[in-house]
Amino acid sequence: MSSTQMLKGILDGCLLALVAEEEIYGYELATKLKAYGFADISEGTIYPLLIRMQKLGWIEATSRVSPSGPKRKYYSITTSGAEELTAFKERWHDLSKSVESILKEDDD
Amino acid sequence: MILSTESTRFLEDLKVYLLVSGKNEQATNEIVHELEDHLIEAEADGKSVRAITGDSPAAYIQSISHEMAFDSKQAFWTIMQVYLGASSFLYLQNLLNGTTTYSILLVGGFLLISAVYLTTLALLFRKDALRDTARPRLLRYGIHGSVHLLLIVGLLIVNGLIDSPKITLSPSVGWLIGALLIAWILITAWKTKTWILPIAVFVFFVPQLLLLFVFNLSEITAVLVSYVLTSITIAVTFIRSSKNSQTD
């Protein structure tokens, strides 16, 4: 299984965490993801996810003029997005603990 | 900064695919604008369109489309407007010529052929937007349009050969339907915020009426002058709107 396939289910949570840090626009978000080591995924992958998260009410977008000139869509987290992020962190914590313990057993 | 040809084509394909798939126009413009902004920065950093879409721009376009809701209201008004575009010119021209008798076969056949035409045209646009090569589009659309023109000619011939029930409208009912049709054109234009159809109807029929009844010119001269005026107006409107969308 490629890391891209493994990532699909958890990318929502990662994006939510980054949006929660600060108001952010698409290119910046993609660049940050890469900086955190998600180099395998194509940059555009974030946009269908951002559309879905907006539909779910987890994030909201405001369009305003950027420092470099054109109008840009900046994303910020909503209250329900923050709740979802907390739930995601708990799920991820449990999941990673389980995976870790299985992998540890294999190593022993 | 100007985008590369590959990126520009990707954005055009994305926009066409989303609009023809019945996605909301404003939401479509927003995502296209957002990706354009992304591509400008990406290209400035030396990246290609594939860095954004992955190996398959077509699959990427579909993944965006999958997340966007079908705007049934907008689709309804757009279809109504296109349907009216085709039928209003024929009906109003017939009305001016004094023809108010229509066979069921002609009306039914016209509606059916128009529906097939619009559906296949939308499918053709969608398929074209996902093709990954430089393509001779004009030929395919030319063939598609010609086939439907032949179907209309075929319908007119069959209509002349087969006697089907006819509806004859009295002049007052004919003009009343004409007035309702114009009102409907204005309503759909207002709903879709696209004024090309009412403008085309105005430019086609008002000079014609003036040439016929004020200047007493022949019918054929009036129709030809109006046809040329309408073609110029439509061409100018399209050029202006494409220039506006480039500067937005």
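The mean sequence distance of close C-alpha pairs (under 8 Å, at least 6 residues apart), as a share of the length of chain B, puts its relative contact order at 21 percent. In chain A, the calculated helix contribution to ellipticity at 222 nm averages -19500 deg cm²/dmol per residue, counting -39,500 (n - 2.57) for every DSSP H run with n ≥ 4. The mean count of C-beta atoms from other chains within 10 Å of the C-beta of residues in B:164-177, rounded to a whole number, is 0. Take each residue of peptide B:47-55, count the partner chain Cβ atoms within 10 Å of its Cβ, and average: the result is 3. Projecting the Cα positions of B:Ile2, A:Gly57, A:Ile46 onto the charge dipole of the protein assembly as shown (unit charges on Cβ atoms of Lys, Arg, Asp and Glu, taken about the Cα centre) puts B:Ile2 furthest along the positive direction. Counting, for every residue in A:43-54, the Cβ atoms of other protein chains within 10 Å of its Cβ and taking the mean gives 6. Between the helical axis of A:46-55 and the longest alpha-carbon principal axis of chain A there is an angle of about 80 degrees. When Rg and the Kirkwood radius Rh are both evaluated on Cα atoms of chain B, their ratio Rg/Rh stands at 1.04. Charging the Cβ of each Asp and Glu at -1 and of each Lys and Arg at +1, and nothing else, the dipole of the protein assembly as shown about its Cα centre rounds to 1720 debye. Amide H contacts under 5 Å for A:Tyr25: A:Tyr75, restricted to partners 5 or more places along the chain or on a different chain, H placed in the peptide plane at 1.01 Å from N.
Helix by helix through chain B, keep the DSSP H runs that span 27 Å or more along the axis on Cα and average at least -1.0 on Kyte-Doolittle, and give those back in order. Once both thresholds are applied, what remains is B:25-44, B:72-97, B:104-129, B:137-161, B:171-192, B:219-247.
For the stretch B:213-236 versus the stretch B:36-94, the spacing of their alpha-carbon centroids is 34 Å.
What 222 nm value per residue comes from the helices of chain B, counting each DSSP H run with n ≥ 4 as -39,500 (n - 2.57) and dividing by all residues, nearest 500 deg cm²/dmol?
Here the helix-only value at 222 nm equals -27500 deg cm²/dmol.
Amide H to amide H distances under 5 Å link B:Lys23 with B:Asp71, where only residues 5 or more positions off or on other chains count and H is placed in the peptide plane.
Taken together, the values in this text are just the output of simple stated rules run on the coordinates, not laboratory data. Keep in mind that this is a model prediction, so the values were computed, not measured. When we count neighbours, we look across all protein chains shown, and the Cβ atoms used for this are built from the backbone with ideal geometry, even at glycine.
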